[in-house]
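This report concerns only the one structure given below.
The values are calculated or read from the model by the stated rules, or taken from the named source; none is laboratory data. Remember, predicted model here, so these are calculated numbers, not experimental data. For neighbour counting, all protein chains shown are included, and Cβ atoms are generated from backbone atoms with ideal geometry for every residue, glycine included. We work out accessible area using only protein heavy atoms, side chains counted, and drop any ligands, DNA or RNA first. Shrake-Rupley method; radii C 1.70, N 1.55, O 1.52, S 1.80 Å.
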Amino acid sequence: MTSKSHHPEPQNELSVAEAFVLLSMEWPVKATSLIVWSDSDFGLVGALLIDLSLSGAVDSDLKNLTLLDRKLRLDPAQTLALTYLKRLGRIVPLDLALNTLADRVGDLRAACMASLAAKGVCLTTSTPFSWDFNQLSISQTQKTEAIKLRNALVKLIESDELPHPREAALIAILHACEIIGPVLGGKSFQYWLLSYRSRIDLIRQLELVGNVVVTALAEMRLRLRTYLLEAEEDQSASTEESDKAGASEGESYQRGTTTWEWRAFWPEGQIVELPVSWVEITRNADVSEEINDDHYLFVHGKKDNIKIRGKNLKIKPVLEAFDEFIAFGPSIKFNFPEKALLLSSLFPRLFEVRGKLRSVDELLQVMSATGYQPGMITVAKVRHGVSMMFGVQIEFARIQVMDKVYHSISLESPYLTPLRILARRIAVGKGQVAGYSDFLEHILRPPAAD
């Protein structure tokens, strides 16, 4: 059991997750290391798991997290985290729980910020960027409140007083992510270990409820760090070349042999607030627009990106689909008339069709006859692209499909890991994460009502 603190209970006590968001909001806005971005995400989800433990919603052992069937009053972030966890079952491996919540960290961070705002701590201001996208930036209120909390934690570490359970948990999380120095004092992690190792170790040992979570978090971080540091060496060269070219609109951006993509859509009028960590990217973006009409062919059950260009086809074939990410191979062009046998490499049922297909219309007829369910739809798009760090390209777009308007964000890169880290920071909310083929089919063929 955690020792009782000599501190009086605060009247408007922050959860561990709220305190972590408050302290880490300014960090890592200008970070150039993937592991730094990842640390702040896993630190937050670790804090949420500790909050759920302290609230009595979950229990944990060395390997698993057990969801307890209790009726509790939880804050919005904890409620949302519990919703994601329930989809995994009653007993969830701890690594899986951390990774699942990390994949939704944008929405979880937004829920924490909303809770803080309800307590009078407004962390961000929001300014229009483009269409229905707003850019979040740090507010002066955040800086004032963060300084108060930071000073209180530093004073606690420098004293011999016993902490509250939440204070101990917060210090344990900051230590596990090796950000206790930058967050609390603007100094290195090593400085804090040299100066306060024994005191920090004592405080961490007092926090028994979340000790298992913190241990799992530190182990996961160590594994991830080894991989990411190696990956960054390869990505740095690509990033430097992109920076030198000044590819604000992606003009110098070249697709690799394999390109990973993440895409999300929101109905018109639904404001999407971009993460604080993107503020430098959007501030330097060239927002000149490109306008075009794309004619898509989609086939039920396939995720390939297929465009009709004049009388011909341009296909980006799917090599792999991983969670919300799709790996596309190099584009393939088919010029009609075209042998059906050549198209059978992407549409295997056409292997039985002999002769040439004279047009797209004839292709659709043959596909329908062989059991495919093809459809065509026109998308009017206004877009602009921005080159990000770590070899990632982002596209902001406003699209019209039939009589409906949507706005979308897509990120693409030859590197999956930075794409995952940057994409998960977006608060998707009620938007839809999907590839173009799934999204367009959903519009044309909405699911039947129960």
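Details
- Residue within the stretch 98-116 that is free of Cβ contacts under 8 Å to residues at least 40 places away in the same chain, surrounded by fewer than 18 Cβ atoms within 10 Å (Cβ to Cβ), of a type in the set (A, V, I, L, M) and touching a helix residue (DSSP H, G or I) at 6+ places or on another chain (Cβ under 9 Å) present: yes
- Within the option set Asp293, Asp361, being surrounded by fewer than 16 Cβ atoms within 10 Å (Cβ to Cβ), touching a residue at least 60 places away in the same chain (Cβ under 8 Å) and charged (D, E, K, R) holds for one residue only, Asp293.
- Candidates are the residues of the stretch 193-217 that are crowded, with 16+ Cβ neighbours inside 10 Å and not aliphatic (A, V, I, L, M); the one that is farthest from Asn64 (Cα to Cα) is Tyr196.
- Within the stretch 131-159, if we keep just the residues that are without any contact (Cβ under 8 Å) to a residue 12 or more places away in the chain and charged (D, E, K, R), the residue that is most open to solvent (accessible area, probe 1.4 Å) turns out to be Lys155.
- Residue match in the stretch 299-317 (condition: at pLDDT 90 or above and part of a loop (DSSP other than H, G, I, E, B)): yes
- Considered as a group, the residues in the stretch 314-337 that are of a type in the set (Lys, Arg) and surrounded by 13 or more Cβ atoms within 10 Å (Cβ to Cβ) include one that is nearest to Ser410 (Cα to Cα), and that residue is Lys316.
- Restricting Ala340, Ala380, Ala423, Ala369 to residues that are open to solvent by less than 30 Å² (accessible area, probe 1.4 Å), of a type in the set (A, V, I, L, M), under 23 Å from Lys314 (Cα atoms) and out of contact with any Cys (no Cβ under 6 Å at 6 or more places or on another chain) narrows the list to Ala340.
- Enumeration of residues in the stretch 253-291 that are more than 25 Å from Ser331 (Cβ to Cβ), assigned to a loop (DSSP other than H, G, I, E, B), modelled with pLDDT of 80 or more and more than 18 Å from the chain's Cα centre (by Cα): Glu268, Gly269, Gln270
- The stretch 43-61 - residue that is open to solvent by 20 Å² or more (accessible area, probe 1.4 Å) and out of contact with any Ser or Thr (no Cβ under 8 Å at 6 or more places or on another chain) and, of those, farthest from Ala218 (Cα to Cα): Ser55
- Qualifying residues in the stretch 62-79 (those that are open to solvent by 70 Å² or more (accessible area, probe 1.4 Å) and within 13 Å of Ile91 (Cα to Cα)) - the one modelled with the lowest pLDDT: Leu62
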